[in-house]
1. Looking only at the range 68-114, which residues are charged (D, E, K, R), under 17 Å from Gly179 (Cα atoms) and assigned to a strand (DSSP E or B)?
2. Which of the helices (runs of 4 or more DSSP H) contained wholly in the range 139-198 include at least 3 residues that are under 16 Å from Ser74 (Cβ atoms) and β-branched (Val, Ile, Thr)?
3. Limited to the range 38-63, what total is found for residues that are charged (D, E, K, R) and assigned to a strand (DSSP E or B)?
4. Restricting attention to the range 68-99, and to residues there that are in contact with a His (Cβ under 9 Å, 6 or more places away or on another chain) and not acidic (Asp, Glu), which single residue is farthest from Cys141 (Cα to Cα)?
Amino acid sequence: MECHSDQVQGCDHAGMEPTPPSGGPEYVVPRQRLDRPIILADADPRWPHQFELLRDAIRQALGAAALAVEHVGSTSVPGLLAKPILDICLVVQDPRDEHAYVPMLATTGYGLQLREPDWYEHRMLWHDDPASHLHVFGADCPEVERMIRFRDHLRTHPESRDEYARTKQELDSIRWDYGQDYADAKSHIIESILAEAG
């Protein structure tokens, strides 16, 4: 499953929007317009190892505060083409308590990008090398279960993985204003696969 919000990392503020009014996501770093097609890459055998290195660094930085660290999204599925950005799900007790994890994650290279109070208090942090979105949710958040169920189904059902890949390929030639528009366009196939996964 893809990131719920736009990719917003980077220092070039040209073409960026201001933070939206209260009620929407709060962009700590203003989101950047995409204005181009999505660039997909063939599955890279380095992705699992890159995740393991980041996972170990996150666990070392947070200790027991990291209740779970999971590789999610397309890079977590062997054989699936993907944007070359790792998606990692971090479960903490309360995402609103940023002092309990953001400063420690900064020592590993992660920077806070956005807050989504209206979507399970989601926080997203960005890591440059390897490129990674870190999605932070609270304990017992249903979105964590959905992400893992989607990943596990694609890992064990090649026909669903291939159907998802075909949808991604159909969409990757379209010029998107924002990355979230591309993610939204895949919602129907994601929901269909989740329904298959039970």
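Where a number appears in this text, it was derived from the coordinates with a stated rule and is not lab data. Source: prediction; values computed, not measured. Cβ sites come from the backbone with ideal geometry, for glycine too, and all protein chains shown count toward neighbours.
1. At the first step, the residues of the range 68-114 found to be charged (D, E, K, R) are 70, 83, 87, 94, 96-98.
From what is left, the residues that are under 17 Å from Gly179 (Cα atoms) are 83, 87.
The answer is Asp87, and nothing else.
2. 187-197
3. Start the filter on the range 38-63 by keeping residues that are charged (D, E, K, R), which leaves 42, 44, 46, 52, 55-56, 59.
With assigned to a strand (DSSP E or B) added as a condition, the list becomes none.
So the answer is 0.
4. Ile85
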